[in-house]
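**Student:** First the structure, which I've put down as structure tokens, then a few questions once you've had a look.
The values are calculated or read from the model by the stated rules, or taken from the named source; none is laboratory data. Everything quoted here is computed from the prediction, not taken from an experiment. All Cβ positions, glycine included, derive from the backbone under ideal geometry; neighbour counts span all protein chains shown. We work out accessible area using only protein heavy atoms, side chains counted, and drop any ligands, DNA or RNA first. Shrake-Rupley method; radii C 1.70, N 1.55, O 1.52, S 1.80 Å.
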Amino acid sequence: MTPENMVHMANQIALFFAGLPHEEAVAGVADHLKRFWEKRMREQLAAYIASGGAGLHKLVVEAAKQI
């Protein structure tokens, strides 16, 4: 998947959970990524974050640390 598409998808997940208390939102994003994203998608996300994570919602970055 293109980095732009990945960032858009991940940010949509973060926006869905953003209205919850912070810890619940992070946990919700992490759970969604674990349950619905394939391993290679999660690996691509981790590599993208390692290279700076430009444009990613902060909830995605925090959630990725938990998975």
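**Student:** Among the GluC sites (Glu not before Pro) in region 6-60, which ones are in a DSSP loop with at most 12 other Cβ atoms within 10 Å of the Cβ? Mind listing them?
**Tutor:** Glu38
**Student:** Rounded to a whole number, what % of the accessible area of the chain do carbon and sulfur atoms account for, probe 1.4 Å?
**Tutor:** 56 percent
**Student:** I'd like to know which of Ala27, Ala47, Ala63 lies farthest towards the positive end of the charge dipole of the chain, counting +1 on Cβ of Lys and Arg and -1 on Cβ of Asp and Glu.
**Tutor:** Result: Ala47, furthest along the dipole toward the positive end.
**Student:** Follow-up question, since we're still on this one. Would you kindly derive the ³J(HN,Hα) couplings of region 18-30 from the backbone phi angles with the Karplus curve 6.51 cos²θ - 1.76 cosθ + 1.60 (θ = phi - 60°), listing them in order in whole Hz, with x for Gly and Pro?
**Tutor:** These are the phi-based 3J(HN,Hα) values: 4, x, 7, x, 3, 4, 5, 5, 4, 5, x, 5, 4 Hz.
**Student:** Could you compute how fast the chain diffuses translationally, taking Rh as the Kirkwood radius over C-alpha pairs and applying Stokes-Einstein at 37 °C with viscosity 0.692 mPa s? Give it in µm² per second. Numbers along the way, then the final one.
**Tutor:** Details: Rh = 11.5 Å.
Value of D from the Cα-based Kirkwood radius: 285 µm²/s.
**Student:** While we're looking at this one, here's another question. So for the chain, averaging the separation of alpha carbon pairs under 8 Å that are six or more residues apart and normalising by length, what relative contact order in percent results?
**Tutor:** 44 percent
**Student:** If the cut-off is a Cα-Cα distance under 15 Å, which aspartates and glutamates reach Lys39, setting aside same-chain residues fewer than 8 apart in sequence?
**Tutor:** Output for Lys39: Asp31.
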